[in-house]
Amino acid sequence: MLRVLTIEDERKVARFIQKGLSAEGMETTIAESGDEGLRLASERAFDVITVDLSLPGIDGISVIRSLRERQNAAGILVLSARGALEDKLLGFGVGADDYLPKPFAFDELVVRIRALARRKTNFVQDLTLTYSDLEMDLRTRRVQRGGKEIELTAREFNLLELFLRNPEQVLTRAKIGEAVWHEQFDRETNVIEVYIMYLRKKIETPNSPRLLHTTRSVGYRLSERE
Ligand code: CA
């Protein structure tokens, strides 16, 4: 069953979408604000997320940006009454996959959602990163070592993902800072050291080999070898 998250503050529109999609055999969850949408998207995996651009509080464009920053793999469909070209371009610029101006024909919505879900399942197989006995599912954001679940914060997750995408390579502090902290990275702080320590505590166990190694005054490396 296709799982759809609809982020829409107008209750009437949201109910209309939900009712229509469930008649099509899709399971639809409604979020009435961007915050609620982001929370739900971090708790459950959805195939498609529809985002209204004008939302109270955090706006639709910021919601899409956050979803992509958190590596959310859902297809994102913008539904906007604004219909302006700039909105459309802005939406695509931050990672939306498709755009449907309001008002829309319901059949059109269903077609777009199905197309997005199909496109997504084509690359869903690539959404698991593994190294040694570490496994990361980018879709559900679950991490396991040796089959044992590990709870990571969003930042720790992004940090570990970077290592899993570049195994056996020394990653410099600059590269890590840029990739995980983006423009908020302050190279004067020891925030990377601190997060490496957090991550080690969580992924290392006494009976398994160390995976995160320090290359003195350069950076860090994910490796089974010392
Ligand atoms: Ca709205």
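The values are calculated or read from the model by the stated rules, or taken from the named source; none is laboratory data. Not measured: the values here are computed from a predicted model. Note: ideal-geometry Cβ built from the backbone for every residue, glycine included; neighbour counts use all protein chains shown.
Key figures
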| item | result |
| --- | --- |
| Residue that is farthest from the ligand (Cβ to nearest atom), among those in the stretch 1-15 that are surrounded by 15 or more Cβ atoms within 10 Å (Cβ to Cβ) and in a helix (DSSP H, G or I) | A14 |
| Matching residues, the stretch 188-226, being under 24 Å from R70 (Cβ atoms) and surrounded by fewer than 11 Cβ atoms within 10 Å (Cβ to Cβ) | V194, K201 |
| Unique residue being among the acidic types (D, E) and in contact (Cβ under 8 Å) with a residue 12 or more places away in the chain when the list is E193, E226 | E226 |
| Test result for E149, more than 16 Å from the chain's Cα centre (by Cα), in a strand (DSSP E or B) and at pLDDT 85 or above | yes |
| Scope the stretch 215-226; condition more than 22 Å from R142 (Cβ to Cβ) and either among the hydrophobic types (A, V, I, L, M, F, W, C) or more than 28 Å from the chain's Cα centre (by Cα) (or both); matching residues | T215, R216, S217, V218, R225, E226 |
| Filtered residues of the stretch 48-80 (kept if in a loop (DSSP other than H, G, I, E, B) and either within 14 Å of the ligand (Cβ to nearest atom) or not small (G, A, S) (or both)) | L53, S54, L55, P56, G57, I58, D59, R70, Q71, N72 |
| Top-ranked residue of the stretch 17-34 - restricted to ones that are free of Cβ contacts under 8 Å to residues at least 40 places away in the same chain and surrounded by fewer than 16 Cβ atoms within 10 Å (Cβ to Cβ), ranked as farthest from the ligand (Cβ to nearest atom) | G25 |
| Breaking point among (1) modelled with pLDDT of 90 or more; (2) farther than 28 Å from R165 by Cβ; (3) not in a helix (DSSP H, G or I), for G83 | (1) |
| Residue list for the stretch 27-44, filter: part of a helix (DSSP H, G or I) and either of a type in the set (G, A, S) or touching a Lys or Arg at 6+ places or on another chain (Cβ under 7 Å) (or both) | G34, G37, A41, S42 |
| Output for the stretch 47-65, where each listed residue is closer than 27 Å to W181 by Cβ and crowded, with 19+ Cβ neighbours inside 10 Å | I49, V51, L55, G60, I61, V63, I64 |
| Residues that are more than 16 Å from the ligand (Cβ to nearest atom), surrounded by fewer than 18 Cβ atoms within 10 Å (Cβ to Cβ) and closer than 17 Å to L55 by Cβ, drawn from the stretch 89-109 | G95 |
| The stretch 163-183, residues that are touching a Phe, Trp or Tyr at 6+ places or on another chain (Cβ under 9 Å), of a type outside the set (A, V, I, L, M, F, W, C) and not in a loop (DSSP other than H, G, I, E, B) | T172, R173, G177, E178 |
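Listed here are the residues, each with its yes/no results for (1) more than 30 Å from M1 (Cβ to Cβ); (2) in a loop (DSSP other than H, G, I, E, B); (3) modelled with pLDDT of 90 or more.
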site	(1), (2), (3)
I113	no, no, yes
R118	no, no, no
N122	no, no, no
Q125	no, no, no
F157	no, no, yes
T189	yes, yes, no
M197	yes, no, yes
